[in-house]
Amino acid sequence: MKNKNLKKLLNKMQVDETQSSGDFENLSKNLLDKVKGGKEAPKQTNYASCNASSCNSVAC
Amino acid sequence: MKYKLSYYIIITESIDQEETKQILYATRTSTALVLHKDVIQLLLKSDFDRLSVSMLQELLACEAIVPEDENELEELAEKSKLLSSNLDSLQFTVQTTANCQLGCNYCGQQHVKKNMSDSLIDNVIKRFELILSNRKYKQVDVSWFGGEPLMSWSVMKKLSPKLKEIAKNVNCKYMSHLVSNGLSLKSEIYEELASEMDCTFIEITLDGTKEFHDQRRDTKLKESTFDIIFSNLLSIVNRKDYPINNCYISVRCNVDDRNKEGVVPLIKLLSEHKLQDKIRFYTARVYSWGNEAHLLTANENYSVDEIDWFIELYNAGFNFSILPGTNPVVCSAVTPDYELIDPWGKVYNCTETPLVPFYGSEYVIGNISNDITNVKPFEQRPYTDWYDRIQDKKNGIYCTTCKILPVCGGRCPKSWMDGIPPCPSMKFNMEDRLILSYIHSKTTIKELIEK
């Protein structure tokens with residue numbers, strides 16, 4: 001973990017967190033549910049490959 | 001069948017106090033699983049027989065475990081090659097002008113007062129029609145790019161209805177998007193873009209709050225631009241009918257070491273105006289545009305700062321995922337029919353080379369000012385051997401051994417050709433992204449910060 005603020009957040013959370021049941025958790029699915037479950041959030045992108053932002057477009 | 005642990009996995013450190021849980025991220029499917037450390041150990045020892053059936057099924061489904069004899073790099077590259085050549089959506093970029101009001105100090109373009117002529121507009125329309133008649137596409141996305149495209153609004157207005165009509169005639173869904181500096185993006189222009197020109201998003205750029213933005217995105221006459229652009233943004237997003245036809249505004253913040261302190265204040269400003277659900281926001285590290293702008297930022301510093309910005313965005317109530325999707329088609333340049341037409345009729349298959357003096361005629365793939373068929377075939381265009389190049393270590397492309405290749409794709413073939421590795425921040429902060437995603441999925445970041 002490289003980010004110090006992230007480490008602080010994780011430490012704060014661990015106090016409250018209880019063990020999850022079952023073999024595994026599908027984090028990707030949980031995130032998808034959370035993002036979709038929010039308000040009508042516009043799709044976000046987290047990086048751009050070029051100045052024309054074609055990574056926001058259909059082909060990329 | 002015998003299996004092996006995929007090369008394309010990333011495993012985080014423990015994420016709980018008891019040190020029993022870790023996140024395994026399979027980049028081939030961009031799937032993150034929270035697993036017990038004992039399971040991780042079994043995986044690392046390839047002791048798959050001791051996994052439960054449900055666990056094994058999940059790991060196979062997300063391609064964390066793959067057939068033992070599979071050459072994964074070849075599999076990925078060949079699939080991407082096949083997909084790139086058979087896309088059912090077409091990208092088409094029109095650089096309607098070489099003019100721009102701004103003089104951004106990291107821009108590589110050379111601007112002149114040149115808009116597309118009427119005769120070239122006719123040829124652009126004919127070229128578009130020819131491409132759509134040669135191959136069946138389900139949808140087409142026209143990108144309005146410049147310079148500043150809104151400085152050639154009349155050109156866009158002439159082209160748009162014709163391009164729409166051509167797409168309609170071949171039963172192809174038409175959409176467009178605009179990349180603008182935002183200075184001329186008045187509310188009524190937005191309305192026309194969204195309602196008449198089928199714009200699905202409009203991207204503008206704010207490089208921090210006023211004190212940061214105006215230092216680097218001023219006009220060529222050294223006039224400030226932040227207040228005008230921000231006022232335009234508010235006028236649009238505060239319309240009662242926003243987003244017209246679901247056309248959102250995307251705010252990009254180009255960052256280097258000179259303005260990185262301006263990102264958090266900008267996020268706060270956007271949230272003070274309650275834009276969390278109204279806009280997309282993202283930061284992009286400034287990189288070389290045929291110049292040395294990439295030297296203004298240390299990539300590893302950017303990747304650490306970016307996690308702070310994600311935390312700030314979550315804290316402010318922006319709702320999005322920081323885990324990428326898979327990226328099997330790295331760029332429009334590797335697709336068979338992608339073209340950009342510049343204001344003189346020169347054709348390119350990359351948005352970064354036109355108007356940039358650094359890039360010479362070897363990047364031009366045609367010129368349709370007199371003859372709409374005067375364009376090189378796919379095989380003779382730059383970058384089109386990308387998926388062969390990344391399979392050979394001798395080419396000096398790190399992607400050959402990179403674990404995030406499936407979600408990155410190699411990012412920018414042109415940059416590799418320039419000798420500048422374009423590796424994205426996620427290469428350096430994926431573990432932090434996974435841990436932040438885990439926290440975000442379990443709790444509310446705002447409440448956690450306020451504890």
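The values are calculated or read from the model by the stated rules, or taken from the named source; none is laboratory data. Bear in mind the structure is a predicted one, so any value in this text is a computation, not a measurement. Don't worry about glycine lacking a Cβ; one is built from the backbone with ideal geometry, like all the others, and counts go over all protein chains shown.
Would you check if B:ALA26 is without any contact (Cβ under 8 Å) to a residue 60 or more places away in the chain, crowded, with 18+ Cβ neighbours inside 10 Å and among the small types (Gly, Ala, Ser)?
Working: without any contact (Cβ under 8 Å) to a residue 60 or more places away in the chain: yes; crowded, with 18+ Cβ neighbours inside 10 Å: yes; among the small types (Gly, Ala, Ser): yes.
Considered against the rule, which asks whether it is without any contact (Cβ under 8 Å) to a residue 60 or more places away in the chain, crowded, with 18+ Cβ neighbours inside 10 Å and among the small types (Gly, Ala, Ser), B:ALA26 comes out as yes.
Looking only at the range B:436-451, count every residue that is more than 18 Å from B:THR29 (Cβ to Cβ) and surrounded by fewer than 24 Cβ atoms within 10 Å (Cβ to Cβ) and tell me the total.
Number satisfying all stated conditions: 11.
Looking at the structure I just gave you, is B:MET116 surrounded by 15 or more Cβ atoms within 10 Å (Cβ to Cβ) and either on the phi > 0 side of the Ramachandran plot or assigned by TED's automatic domain parsing to the domain that holds B:PHE212 (or both)?
Answer is yes for this residue.
Take the residues in the range B:227-256 that are assigned to a helix (DSSP H, G or I) and of a type in the set (A, V, I, L, M), then tell me which one is nearest to B:SER288 (Cα to Cα).
Out of the qualifying residues, it is B:ILE229.
From B:SER176, B:SER187, B:SER160, grab the single residue that is hydroxyl-bearing (Ser, Thr, Tyr) and touching a residue at least 40 places away in the same chain (Cβ under 8 Å).
Going through B:SER176, B:SER187, B:SER160 in turn, the sole match is B:SER187.
Restricting attention to strands (runs of 3 or more DSSP E) lying wholly within the range B:272-368, give those where 1 or more residues are in the same structural domain as B:ASP385 (by TED's automatic domain parsing) and more than 30 Å from B:TYR438 (Cβ to Cβ). Let's see the steps before the verdict.
On the way: elements: B:279-285, B:339-341, B:346-348.
Ranges flagged: B:339-341, B:346-348.
Give the number of residues within the range B:397-445 that are outside any loop (DSSP other than H, G, I, E, B) and out of contact with any strand residue (DSSP E or B) (no Cβ under 8 Å at 6 or more places or on another chain).
Counting residues in the range B:397-445 that are outside any loop (DSSP other than H, G, I, E, B) and out of contact with any strand residue (DSSP E or B) (no Cβ under 8 Å at 6 or more places or on another chain) gives 25.
Kindly evaluate B:MET430 against the criterion of being crowded, with 18+ Cβ neighbours inside 10 Å and either outside the structural domain of B:LEU33 (by TED's automatic domain parsing) or within 29 Å of B:GLY108 (Cα to Cα) (or both).
So B:MET430 passes the test.
For B:LEU59, only one of the following conditions fails: (1) surrounded by fewer than 20 Cβ atoms within 10 Å (Cβ to Cβ); (2) within 14 Å of B:ILE10 (Cα to Cα). What is its number?
B:LEU59 satisfies all of (1) surrounded by fewer than 20 Cβ atoms within 10 Å (Cβ to Cβ); (2) within 14 Å of B:ILE10 (Cα to Cα) except (1).
Just to be sure, is B:TYR287 buried (at least 23 other Cβ atoms within 10 Å of the Cβ), within 12 Å of chain A (Cβ to nearest Cβ), out of contact with any Lys or Arg (no Cβ under 6 Å at 6 or more places or on another chain) and modelled with pLDDT under 90?
It is true that B:TYR287 is buried (at least 23 other Cβ atoms within 10 Å of the Cβ), within 12 Å of chain A (Cβ to nearest Cβ), out of contact with any Lys or Arg (no Cβ under 6 Å at 6 or more places or on another chain) and modelled with pLDDT under 90.
Return the pair list, or none, for Cβ contacts closer than 6 Å from residues in the range B:300-324 that are more than 20 Å from B:ASP277 (Cα to Cα) to residues that are among the aromatic types (Phe, Trp, Tyr) and in a helix (DSSP H, G or I), at least 6 apart or on different chains.
Pairs that qualify, where the first residue is more than 20 Å from B:ASP277 (Cα to Cα) and the partner is among the aromatic types (Phe, Trp, Tyr) and in a helix (DSSP H, G or I), are B:GLU300/B:PHE428; B:SER303/B:PHE428.
Here are some conditions: (1) under 34 Å from the mean Cα position of the chain (by Cα); (2) at pLDDT 95 or above. B:ASP47 meets all but one. Which one does it not meet?
Condition not satisfied by B:ASP47: (1).
Considering each residue of the range B:255-284, count those that are more than 9 Å from chain A (Cβ to nearest Cβ), touching a strand residue (DSSP E or B) at 6+ places or on another chain (Cβ under 8 Å) and in contact (Cβ under 8 Å) with a residue 60 or more places away in the chain, and give that number.
Summing the residues that are more than 9 Å from chain A (Cβ to nearest Cβ), touching a strand residue (DSSP E or B) at 6+ places or on another chain (Cβ under 8 Å) and in contact (Cβ under 8 Å) with a residue 60 or more places away in the chain in the range B:255-284 gives 2.
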